[in-house]
Amino acid sequence: GNSVTQMEGPVTLSEEAFLTINCTYTATGYPSLFWYVQYPGEGLQLLLKATKADDKGSNKGFEATYRKETTSFHLEKGSVQVSDSAVYFCALRVDSSYKLIFGSGTRLLVRP
Amino acid sequence: SQTIHQWPATLVQPVGSPLSLECTVEGTSNPNLYWYRQAAGRGLQLLFYSVGIGQISSEVPQNLSASRPQDRQFILSSKKLLLSDSGFYLCAWGRDPQSEKLFFGSGTQLSVL
């Protein structure tokens, strides 16, 4: 079946540290991959996406590369800010399915 | 611009009581609507989706039901809540699968005691 596994949190970093949140997937077909972010008190928002192998999604200084060989879509940012504190969800959708399959979420806490 | 409203934000209900969570979307027509649930320590699980009024697809067998009485209204219900129904419920809307983007409400934290 289709599933997403992401690293457990919380992840606690100091401001300006390098961030990696791991995400791996299993899927039949050819999935599109997403990172969603949920800031405190808000709904989920799409952060970035990649629709085929070797694509790199990027937004707000965050990046993730679709690695088919390792079935991964790790989220990275070179220098995190306090305002990046949120819960990050990795997700996939296979082909034209209506269903987005989410990971369990990783809470990031950035301290000044 | 489009907005999605979901309420209440938190809810504490006794086992065996009924449930009604409401979600409405503004600023768009004929959206695809979704109900997701996140149980503690688990990912977001799709419960129901709807592509039109009165059209409901259920993803998992459970104690819950959904209805879409109007184009931009999506309701999640239960006649008798179970302890296992506790979780964080999110409503979302999207244009179509190819748009690849869902817009989420702020969620309802349901505690069944």
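Where in region B:1-105 are there strands (runs of 3 or more DSSP E), lying wholly inside it, with at least 1 residues that are at pLDDT 90 or above?
Result: B:3-7, B:10-13, B:19-26, B:32-38, B:44-52, B:55-58, B:65-70, B:73-78, B:87-94.
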Those residues that are among the aliphatic types (A, V, I, L, M) and either within 17 Å of the chain's Cα centre (by Cα) or within 13 Å of chain B (Cβ to nearest Cβ) (or both), I need them from region A:14-32; list them, please.
A:Leu19, A:Ile21, A:Ala27
Give the residues of region B:33-84 that are surrounded by fewer than 19 Cβ atoms within 10 Å (Cβ to Cβ), in contact (Cβ under 8 Å) with a residue 24 or more places away in the chain and within 11 Å of chain A (Cβ to nearest Cβ), sorted by residue number.
B:Ala39, B:Ala40
Long-range neighbours under 7 Å by Cβ, at least six apart or interchain, first residue closer than 18 Å to B:Cys91 by Cβ within region A:29-55, second assigned to a loop (DSSP other than H, G, I, E, B):
A:Gly41/B:Ser106; A:Glu42/B:Ser106; A:Gly43/B:Gly105; A:Gly43/B:Ser106; A:Gly43/B:Gly107; A:Leu46/B:Lys101
Checked A:Val4, A:Val37 against criteria (in contact with a Cys (Cβ under 8 Å, 6 or more places away or on another chain), of a type in the set (A, V, I, L, M, F, W, C) and within 13 Å of chain B (Cβ to nearest Cβ)); the one match is A:Val4
A:Thr65 being surrounded by fewer than 21 Cβ atoms within 10 Å (Cβ to Cβ), within 11 Å of the chain's Cα centre (by Cα) and within 14 Å of another protein chain (Cβ to nearest Cβ):
no
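The values are calculated or read from the model by the stated rules, or taken from the named source; none is laboratory data. Keep in mind it's a predicted model, so treat the numbers as computed, not measured. Counting neighbours? That spans all protein chains shown, and the Cβs are built from the backbone with ideal geometry, glycine included.
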